[in-house]
Amino acid sequence: MNNRSLHEAEPQASAAEALATRLLDALDGRLAHSATVAAQIERVAGLVESEWRSPARDAAWLHDVGYHPDLALTGFHPLDGARWLRSRRWPDETCRLVAWHTQSFEEARLSGLATDLAAEFDPPPLLAASALAWADLTSSPSGERWDAERRLAEILDRYPHGSVVHEATRAAASRLREAITRIEGLLCDRL
């Protein structure tokens, strides 16, 4: 992929899926994962404040774009992706969700990037952040629907003990479970 194609995306209602497809298709299941996250966010978008629904939908597609090798400047994909999206004029709300998705602050802290994350992107509202975390944690790495406990266990198994991702997941586990419980409780209330 040439750099010119990375600079062409403009924020639009359908642009998130197209951009994710272009950036994630060759990245070992990331596109399938993001497609399932997007499908899952549709199930809970109505629970989120109205002004955050569209950004949550876009962030579901775009939350992992920072894994693209041309965007991975720090190696911390939430910040790399959010910075790149901001530079392409994506809405601030979408960038904030990408930057802070799935309790990313713990990984930022362990990677020495917490100050950068907090200085550059305000945290999104609790409900929007919880919805995106729920959608992310109910999608396997290859795009199957999983329950969140299975996904958390998979992350801890995939990354070795002592690695930044393993330790960040352990440190954020209780807050991630709270987000899952929050969204699943709201889903039950709708029935």
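Read-outs: derived from the displayed coordinates by stated rules, not from any lab. This structure is a prediction, so every number in the text was calculated from the model and none was measured. Quick reminder, even Gly has a Cβ in these numbers, built from the backbone with ideal geometry, and neighbours come from all protein chains shown.
Just a few scattered comments:
- Net charge of Cβ neighbours under 13 Å - reference ARG53; Lys, Arg +1; Asp, Glu -1: -3
- Each other residue within a Cβ distance under 12 Å of ALA173 adds +1 if Lys or Arg and -1 if Asp or Glu, for a net charge of 0.
- Here the stretch 12-190 yields Rg over Rh of 0.93, to two decimals, using C-alpha coordinates and the Kirkwood radius.
- Look at where the Cα atoms of the stretch 98-128 and of the stretch 11-45 average out, and the two centres are 21 Å apart.
- Net +/- balance of residues flanking GLN40 in space, Cβ distance below 10 Å, scoring K and R +1, D and E -1: 0
- Label-to-label distance for GLU120 and LEU73 is 0.6 nm, based on points extended 7 Å past Cα in the beta-carbon direction.
- The length gained by stretching the chain between ARG88 and ALA26 to full extension, at 0.36 nm per residue less their Cα-Cα distance, is 20.2 nm.
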